[in-house]
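Below: one structure, written as structure tokens.
The values are calculated or read from the model by the stated rules, or taken from the named source; none is laboratory data. The shown structure was predicted, so the numbers you read here are calculated from the model rather than taken from an experiment. As a convention, Cβ positions derive from the backbone with ideal geometry for all residues, glycine included, and neighbour counts pool all protein chains shown.
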């Protein structure tokens, strides 16, 4: 597949960011700080982000940046790159090999390019608007499961769960009782990529940020899946909730479960 200069730049930036992460992974030089009680950040995150932004700005100096670390926010520019230099930081800190770099490009109100790179697994998920979704050069599609009872679900827990857990626990319980099973990987971007390639049938979570979901939403859509908030709304970048699924049939069923009162 021949991708645009946007996607090729995202790919180059993701590879560079990932190479920096690998230098710190399982390394005693890793210094961990905390943005919140349980929300870590490391110099691996920060250095990965700097390298990613440097590559993007070298090609598209006028484009905006919205990135997780250092409060970089230029979301109001027509072209804005939305970057998570290390999704799955808790896993990374503990040596769990489930983490990635996630880079998406927004043009006005649409996501037009997305790359998610999992360096330990050596898996690169790529999507470009109207060009499909790809994993290591092969086109991917969502699964065909239509019943929740036969679906493998995946979720995550927001950092605020210790202070506000009622809805999270309610949804986890109800979906656990109605699905084939639930997994919890620790990387929302990879959870979405795995829905796109059919490993999971749906993913739901709350409390996520734009950099967690931007690339993943495009990859899922281009793989034939469906994305919304808990109310079925489609404009997601700054929404607090997200449901990603393999299509409309199961999507509607999961939304009904999520919106049950008990």
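When residues in region 232-242 are screened for being touching a residue at least 24 places away in the same chain (Cβ under 8 Å) and surrounded by 12 or more Cβ atoms within 10 Å (Cβ to Cβ), 4 of them pass. Check region 158-170 and report whether any residue there is crowded, with 18+ Cβ neighbours inside 10 Å and within 12 Å of the chain's Cα centre (by Cα). Checked region 158-170: no residue is crowded, with 18+ Cβ neighbours inside 10 Å and within 12 Å of the chain's Cα centre (by Cα).
Looking only at region 178-197, decide whether some residue is closer than 17 Å to residue 126 by Cβ, surrounded by fewer than 19 Cβ atoms within 10 Å (Cβ to Cβ) and at pLDDT 95 or above. No, region 178-197 has no match at all.
Out of all the residues in region 108-122, which are in contact with a strand residue (DSSP E or B) (Cβ under 9 Å, 6 or more places away or on another chain) and assigned to a strand (DSSP E or B)? Answer for region 108-122, where residues must be in contact with a strand residue (DSSP E or B) (Cβ under 9 Å, 6 or more places away or on another chain) and assigned to a strand (DSSP E or B): 111, 112, 113, 114, 115, 116, 117, 118. Within this structure, residue 173 fails the test of being loosely packed, with under 13 Cβ neighbours inside 10 Å, assigned to a loop (DSSP other than H, G, I, E, B) and not assigned by TED's automatic domain parsing to the domain that holds residue 34. Do you know which residues across region 125-160 are in contact (Cβ under 8 Å) with a residue 12 or more places away in the chain and more than 20 Å from residue 226 (Cα to Cα)? Scanning region 125-160 gives 136, 137, 157, 158, 159, 160. Selection of helices (runs of 4 or more DSSP H) fully inside region 1-94 by the criterion of at least 3 residues being more than 18 Å from the chain's Cα centre (by Cα) returns 5-24, 43-59.
Which one of 181, 225, 186 is touching a residue at least 12 places away in the same chain (Cβ under 8 Å) and more than 28 Å from residue 67 (Cβ to Cβ)? Quick ask: steps written out before the conclusion?
Working: 225 fails: more than 28 Å from residue 67 (Cβ to Cβ); 186 fails: more than 28 Å from residue 67 (Cβ to Cβ).
Criteria check complete, one pass: 181.
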